[in-house]
Every structure is written in C-alpha cells, then in structure tokens.
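Novice: Please see the structure below; I have some questions.
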Amino acid sequence: MPRRRLLPFVVVALAVLAAPTVSGAITPHSASALHAHDAALAAKSRAAVLDLYSLDQQLAGTQSRLNTLQTQTLSLRAQRASLAHQLHIAKRSTRLAQRRLAARLRALYEQGNVEPLEIVFGAKTIDEAMTSLDSLSRMTNQGEDVIRELKTARVNLGSASRELAKREAELAAATQQARATANALAATRAARSSYIVTLAAERSMTERQISTVIAQAAAARLKSEQLARIAATAATDAPVPSAVAPATTFVSAGPAVGGRTISVSATGYALSGRTATGLAVGWGVAAVDPSVIPLGTHITIPGYGEAVAADTGGAVMGAAIDLWFPTVAQANAWGRRVVTITLH
C-alpha cells in the first residue's frame, strides 16, 4: 500500500491508542467524587466546630460552678475558724468565771459562815446580814449562770460544728464531681480539636488532588484536540480510492500476514461528524461492536484496505462493521457485503 494511503490510518490509530494513555486515570467521575468527598469533609468540619463551641460553653459553665464551690468552701472554712475562735473564747471566759466563783466561795468558806442562818446569827448588824446573804445569793446565781452558759455554748457550738462538717462534705463531693466533669469536657474538647485539625489536613489534601485532576484533565483534553486536528488534516489531505459512478473500484488488499480473521457484514456510509472516541470521521475509520471487535483494533479489509476500530453505532451489533467513504456514491457502490477481515 502506498505510504500516503497509510497516513490517515496511522494518525487515527495513534489518536485512538494514545487517548486512553493520556486520560485513562482522569475519569469524569473522579473529580466529582473528590468534590463530593471535600463537601462531606466540610460538613463534618462544620459539625465538629459547632460541637467544639458547645463544649466550650459547657466547660465555661462547669468552671464557673467549680469556682463558686471553691468560694463556698473557703467561706465554710472561715466560718469554722470563727466558730473555733468563739469556742475558745467561751471556754476561756468559763474558766475565768469559775476561778472568780471559786475565789469567792473560798473566801466565804474561810469566814466559816456559808449557811444563811449562820450568816444571819453571826452578823453584828442587820445590814451586815443582808449584805452577806446578798453576796451568797449572787455567787450562787453566778455559778449557775456560768454552768448554764457553758452547757448552752457547748451545745450550740457542737451543732454548728456538725452543720459545718455536713456542708463541707457536700461541697467536697460537689467540687469533686465538678472537677471530674471539667476534666472530661477538657479531654473531649482536646479530641474534638485534634479531629478538626485532621479534617483540615484531609481537606487540604483533597483540594490538592482536585487541582491535580483538573490540571490533568485539561492537559488530556488539549492533547486529544491536537490529535483530532492532526487526524482530520491527514484524512483530508490523503488521496481516496478512485471511483467513477456507478462503477466504483476499491483498493485490493493482499493477504494479511498474521492476525485473527472473522467474517463480518460490512456496510458503507458517508456521514460527517465525530466518532464515539471523539475523533472526526475519515478514511480508515470503522464502526464496530466493541464486544466483538475492541476499539483501537487494527483491521485489514479486502477491497477497502487498512482501517482502525474507532467508532460505534446503535445499528452496529455483532459481526458487523461500518466503513466510512468520502462520498455517498462511493458508499453506495460498496453497499453491504460479507467480507473476511483480519484483526491485528
């Protein structure tokens, strides 16, 4: 076959075979999947930030309660200290009163007149008797008052001490619970912050992947367009088989060396446009059923020449192929015929 006749086939074959290499890893849904993943990460990040805000509010409330409990504990400690001071003063006052009472009783005892009758009969005058009886009565009443005050003070101070101890125990339990809650909230907040940092890093990586995929897709599209332009230019410039209607002659292909043969129904067509692979139609482009003849397969067709499986069609099913011709007359001259083709 002349070299110029092989040019369209070579260009088309290169375009078909190169396209998967350029864009095989850049499927349209890969960028969509990355965008969906990025959106999901953004939603998780927003939810995590809201959780973090809620945790901050709870932690602030717990810390405020803990401060209040600590203030109350300090107040109770101050009350206990004051109570202990009051008890010390009461005990000291009681001891002083007891000593004074003991001194007076000792004085009476030394005088030898401790009974009221003895005091009356032992007095030289009525005034002396009344004074002595009054002193005795006052000392007796003072002794009873001291004892009564001491008992009352001990009862009151004991009750107050028990109440303070109860309140201190309650405050200690509440403080311990508040500390445990604050520690748990702080740990949860730290974990949530770490999770947000992880999400941010994953989003950054996903965005870089999206940028890479978009750049690769743009490069693949540009490469495909360049190959399509080369194929279209080569197909336009290449000579086509001579045909004089209604009698049309086609290139006679010699026996192919190697490859698998298959009998197919070959139909000629002369439509314009682009193939399923995105290339412009042209001489040497064959439409096939990909389940029978994979796209990109090099085909030798008796009476037509060399072609490449670069297109599909709804009517091309099973052992059938469509061959492109530049004119309707040439396509009609070919018509539909059964030929044995060789797949390389």
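Novice: Out of the residues in the range 50-76 that are surrounded by 15 or more Cβ atoms within 10 Å (Cβ to Cβ) and among the hydroxyl-bearing types (S, T, Y), state the one that is nearest to the chain's Cα centre (by Cα).
Specialist: So the residue we want is T62.
Novice: Give me the pairs: first residue in the range 76-105 and closer than 13 Å to N156 by Cβ, second residue among the hydrophobic types (A, V, I, L, M, F, W, C), beta-carbon distance under 6 Å, and six or more apart or on different chains, which are they?
Specialist: L83/A160; L87/L157; A90/A153
Novice: In the same structural domain as R189 (by TED's automatic domain parsing) and at pLDDT below 90: does that describe R46?
Specialist: Taking the combined requirement at face value, the residue satisfies it.
Novice: If we keep just the residues of the range 145-189 that are among the acidic types (D, E) and under 60 Å from the mean Cα position of the chain (by Cα), which is surrounded by the most Cβ atoms within 10 Å (Cβ to Cβ)?
Specialist: So the residue we want is E168.
The values are calculated or read from the model by the stated rules, or taken from the named source; none is laboratory data. None of these values were measured; they are calculated from a predicted model. No Cβ is skipped: glycine too gets one built from the backbone with ideal geometry, and neighbour counts run over all protein chains shown.
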